[in-house]
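A.B. asks: Can you keep this structure in mind? I'll have questions shortly.
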Amino acid sequence: MMVLYINGNQRQFEQANMSVANLIQLLGLQGKRLAIERNGEIVPRSLFTETTLASEDKLEIVGAVGGG
Amino acid sequence: MTMHQLKIAGQTYHSRLLVGTGKYKDFSQTKAAIDASGAQIVTVAIRRTNIGQNAGEPSLLDVLPPSEYTYLPNTAGCYSADEAVRTLRLARELLDGHKLVKLEVLGDPNTLYPNVVETLNAAKTLIQDGFDVMVYTSDDPIIAKQLEDIGCCAIMPLASLIGSGMGILNPWNLQIIIENAKVPVLVDAGVGTASDAAIAMELGCDGILMNTAIAGAKDPILMASAMKKAVEAGREAFLAGRMPKKLYSASPSSPTTGMIG
């Protein structure tokens, strides 16, 4: 079990060991253009697979939207 | 034509009109309006991705491919330097190391007036971090100069408040900013209709960034086309050099000789 705070919402996951890449898959976001911040630090896309998440991590997952 | 080229951070653009991508009815209207405007640089906002909803729906990046447009990620909605810097670092990661950004740090949710102290602080950090910073600011010539001195690649004073459509309220301040600046000065915010855009360009602005004036028009695509022409017309009029204003003229346009009788 693992608790993550994703975009301000608390979420529970069955998995104990998950990489950022696993999480993206689980959330159905694979192939989407996005950027991720983990506990205030950016996780480069090239490190998604090798970055392991820990319980209580705070994640921001962002994309580009229309704006002026 | 060189006279129509805008140079920002070493890149050359033939369009002097920069447009936002917000407030449109849908993506197809966004794309049609942007194409009608002829803009090459488009602003985008960075926001939390919807988790679990409409995972398959197209994104802005699919509709406006970054290979065809120069993206200008903004910090709209940020009220502190820290938030703005965080947002643009995420934008850089999102857009594969893209360095050109629009910094805006707001001071008040009602007026969206910029907080120039936070803006200066954020600009310093971003420039140290290697970003090319186009900066939204007030029309204060001293702050504009300070932002240039710390290394911003373009100064973007408001003409009037964001989304207000009130037009060019203080042409004199804009003129001082333009005269003092060695980097491009673009009016950002406040333009309501084509004549406002022409006036800003006639003052000698290097370009204009707008969103609501186009997206908020009854026919956004037609207004985008009008804005394209207004920016071009204003630029040409600026380069042509207007005739001096006179209360009345003793010099008629038709010959004074050869009259009948």
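What follows draws every value from the coordinates through simple rules; no lab data is involved. All figures in this text were calculated on a predicted structure; none of them were measured in a lab. All Cβ positions, glycine included, derive from the backbone under ideal geometry; neighbour counts span all protein chains shown.
A.B. asks: Summarise the partner chain shielding of B:206-215 as one whole number: the mean count of Cβ atoms from other chains within 10 Å of each residue's Cβ. List each step's numbers first, then the result.
C.D. replies: Working: counts 0, 0, 0, 1, 1, 3, 1, 1, 1, 2.
Partner-chain Cβ atoms within 10 Å, mean over residues of B:206-215: 1.
A.B. asks: Okay, moving on. In cubic angstrom, how much convex hull volume per residue do the alpha carbon atoms of chain A span?
C.D. replies: Values: hull volume 6.6 nm³, N = 68.
Considering the Cα atoms of chain A, their hull volume per residue is 97 Å³.
A.B. asks: In a GNM of chain B with a 10 Å cut-off on Cα contacts, which of B:Leu209, B:Leu174, B:Leu64 has the highest mean-square fluctuation?
C.D. replies: Taking springs between Cα atoms under 10 Å, the residue moving most is B:Leu64.
A.B. asks: Counting partner chain Cβ atoms within 10 Å of every residue's Cβ in A:29-36, what's the average? The partial results should precede the final answer.
C.D. replies: Working: counts 5, 1, 1, 5, 9, 6, 9, 4.
Mean inter-chain Cβ contacts per residue within 10 Å come to 5.
A.B. asks: While we're on this one: How far apart, in nanometres, would the label points at B:Leu169 and B:His14 be if each is projected 7 angstrom from Cα along the Cα-to-Cβ direction?
C.D. replies: 3.7
A.B. asks: Could you please report the charge total around B:Gly151, scoring K, R as +1 and D, E as -1 over all other residues with beta-carbon less than 10 angstrom from its beta-carbon? Mind showing how you got there, number by number?
C.D. replies: Details: positive: B:Lys124; negative: B:Asp132, B:Glu148, B:Asp149.
Local charge sum for B:Gly151: -2.
A.B. asks: Would you please state the base-10 log of I(q)/I(0) at q = 0.14, 0.17, 0.19, 0.27 1/Å for segment B:23-85, with intensities from the Debye formula using one equal scatterer on every alpha carbon?
C.D. replies: Log10 of I(q)/I(0), two decimals: -0.51, -0.73, -0.88, -1.24.
A.B. asks: Convert each backbone phi in segment B:218-223 into a coupling constant with the Karplus relation 6.51 cos²θ - 1.76 cosθ + 1.60 (shift: θ = phi - 60°), then list the ³J(HN,Hα) values in order as whole Hz, x for Gly and Pro.
C.D. replies: Once θ is set to phi - 60°, the couplings for segment B:218-223 become 4, 10, x, 6, 5, 5 Hz.
A.B. asks: Based on the Kirkwood radius over alpha-carbon pairs, what value in µm²/s does the Stokes-Einstein equation return for the translational diffusion coefficient of segment B:143-189 at 37 °C and 0.692 mPa s? Don't jump to the answer; show the numbers that get you there.
C.D. replies: Numbers: Rh = 10.9 Å.
My calculation gives 300 µm²/s for D.
A.B. asks: On each of the three principal axes of the Cα atoms of segment B:138-261, give max minus min coordinate, whole Å, ordered largest first.
C.D. replies: Taking the Cα atoms of segment B:138-261, the three principal extents are 68, 38, 20 Å.
A.B. asks: What net charge do the residues around A:Ala21 carry, taking every other residue with its C-beta under 14 Å from that of A:Ala21, with Lys and Arg at +1 and Asp and Glu at -1?
C.D. replies: It works out to a net charge of +2.
A.B. asks: Given the convex hull of the Cα atoms of chain B, what is a quarter of its surface area in nm²?
C.D. replies: Values: hull surface 71.1 nm².
The number I arrive at for chain B is 17.8 nm².
A.B. asks: Please list, ordered by chain and number, the residues whose modelled amide H lies under 5 Å from the amide H of B:Leu209; skip anything fewer than 5 residues away on the same chain.
C.D. replies: HN-HN under 5 Å from B:Leu209: B:Leu18, B:Val187, B:Asp188, B:Ala189.
A.B. asks: Continuing with this model, one more query. Among B:Leu95, B:Val133, B:Ser37, which residue has its Cα furthest toward the positive end of the charge dipole of segment B:1-144, with +1 on Lys/Arg Cβ and -1 on Asp/Glu Cβ?
C.D. replies: B:Ser37
A.B. asks: Would you tell me the mean number of C-beta atoms belonging to other protein chains that fall within 10 Å of each C-beta in B:74-80, as a whole number?
C.D. replies: Values: counts 2, 1, 2, 1, 0, 0, 0.
Going residue by residue through B:74-80 and averaging, the value is 1.
A.B. asks: Starting from the Cα gyration tensor of segment B:1-125, multiply each eigenvalue by 5, take the square root, and state the resulting semi-axes largest first in whole Å.
C.D. replies: The answer is 23, 21, 15 Å, longest axis first.
A.B. asks: For the protein assembly as shown, take the convex hull of the Cα atoms, compute a quarter of its surface area, and give me that in nm², please.
C.D. replies: Details: hull surface 83.8 nm².
Here the figure is 21.0 nm², rounded to one decimal.
A.B. asks: If you don't mind, there's one more thing I want to ask. Between B:Ile150, B:Ile168, B:Ile221, where does the largest GNM mean-square fluctuation fall for chain B, given springs only between Cα atoms within less than 10 Å?
C.D. replies: Result: B:Ile150 has the largest fluctuation of those listed.
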